[in-house]
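Each remark here refers to the structure printed beneath this line.
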Amino acid sequence: TSSPHLPYLQKCLSLAEQSPPRPTNFRVGAILLSRKDNDPTFADDRILSTGYTMELVGNTHAEQCCFSNYAAVHKVSDDEVASVLPVESGRKLIMYVTMEPCGKRLSGNAPCAQRIARTTAGHEGVHKVYFGVKEPETFVGQSEGCRMLTEAGIEWEHVGGLEREILTVAFAGHENGAEEVRAALGDKGNTADES
Ligand SMILES: Nc1nc(=O)c(N)c(NC[C@H](O)[C@H](O)[C@H](O)COP(=O)(O)O)[nH]1
Ligand SMILES: [Zn+2]
C-alpha cells in the first residue's frame, strides 16, 4: 500500500519541475497545509501555500517562496509570516517538501530549516515536515536540516518511494546530473528500493 503522503510529494515534484534548472542549487517544491488532528485520510486538509525554487525573484528556495507567497497574500513581510499563519485548535500546520529543508546555504542566505523553526517562535508554527529525500552532499556535505528542525521541536519524516524522480528533477541543471542522482541514491537514508 502506498503512503498517504505520496500524493503530496507528487504535487511538490510537479512544483519543482517549474523551477529553472541551475548548477548552483536543487530544483525543489514545497507545500504548506493545515491538517485536522486524527484525520487518517487527510480529507479535511487545507492547502495554505506552495513554492518552488527560484519561483520568486532572486536566489530563492522552495520553502522560502512558500512562506513568502503566504506572507504576501496576508500583506506582511517575510519576517512576519509566523504572525499570520492560522492557529486553530484541533489542527496542525504541516509542510511537504521534495527535499530535506536546507540547514546551510553556500550563498549565506537564511536556511529553510531556520525559516521553518522561526514560525514556532512565539507562535504555534509548523508542526511537522515530510520530505522525499535527504539533501545530497553536493553543496554542503552532511545535511544539517533535520537536526535543526529537531532542535526547534519540529517533527520531520522521510517519505520513501519517489527518490529517483525527486533527485532527477533536483539535479536537472547540473553538468553531470545523472551521475549525481546515482551517487545520491546510494547514500544511506536515500536508499530507494530496488524496484
Ligand atoms: N531544501 C532546499 N530547497 C531548495 O529550494 C534548494 N535550492 C535547496 N538547495 C540546498 C543547497 O544546499 C543550496 O542550494 C546550496 O547550498 C547553494 O546555496 P544557495 O541556494 O545559493 O543559497 N534545498
Ligand atoms: Zn532551503
In the stretch 94-108, the residues that are away from ligand 2 (no atom under 13 Å from the Cβ) and surrounded by fewer than 24 Cβ atoms within 10 Å (Cβ to Cβ): Ile94
Yes/no for Gly141 being on the phi > 0 side of the Ramachandran plot and either crowded, with 22+ Cβ neighbours inside 10 Å or within 11 Å of ligand 1 (Cβ to nearest atom) (or both): yes
Residue that is nearest to the chain's Cα centre (by Cα) [pool: residues in the stretch 88-126 that are more than 9 Å from ligand 1 (Cβ to nearest atom) and of a type in the set (S, T, N, Q)]: Gln114
Members of the stretch 38-61 that are within 16 Å of ligand 1 (Cβ to nearest atom) and exposed (fewer than 12 other Cβ atoms within 10 Å of the Cβ): Val57, Gly58
Pro111 vs. criteria closer than 19 Å to Thr24 by Cα and within 11 Å of ligand 2 (Cβ to nearest atom): yes
Residue identified as in contact with a Lys or Arg (Cβ under 6 Å, 6 or more places away or on another chain) and over 15 Å from Thr119 (Cβ atoms) among Ala72, Ala43, Ala62, Ala16: Ala16
Where Asn190 falls short, out of the listed (1) at pLDDT 95 or above; (2) under 19 Å from the mean Cα position of the chain (by Cα): (1)
Top-ranked residue in the stretch 1-37 [being over 19 Å from Val126 (Cα atoms) and crowded, with 24+ Cβ neighbours inside 10 Å; ranked as modelled with the lowest pLDDT]: Asn25
Cβ-Cβ under 6 Å pairs, at least 6 apart or on other chains, the stretch 150-177 side under 25 Å from Pro21 (Cβ atoms), far side aromatic (Phe, Trp, Tyr): Val159/Tyr130; Ala170/Phe26; Gly177/Phe171
Enumerated strands (runs of 3 or more DSSP E) restricted to the stretch 1-115, each holding at least 2 residues that are of a type in the set (S, T, N, Q): 46-52
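Test Val126 against the criterion of being more than 12 Å from ligand 2 (Cβ to nearest atom) and of a type outside the set (D, E, K, R), and give yes or no.
Taking the combined requirement at face value, the residue satisfies it.
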Scan of the stretch 70-92 for residues that are closer than 21 Å to Val28 by Cβ and buried (at least 19 other Cβ atoms within 10 Å of the Cβ), ordered by number: Tyr70, Ala71, Val81, Leu85
Near pairs, Cβ below 6 angstrom, 6+ apart or cross-chain, from the stretch 79-96 (over 12 Å from Thr119 (Cα atoms)) to any residue that is of a type in the set (Gly, Ala, Ser): Arg91/Ser34
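The values are calculated or read from the model by the stated rules, or taken from the named source; none is laboratory data. Everything numeric in this text was worked out from a predicted model, so none of it was measured. Virtual Cβ from ideal backbone geometry, glycine too; neighbours counted across all protein chains shown.
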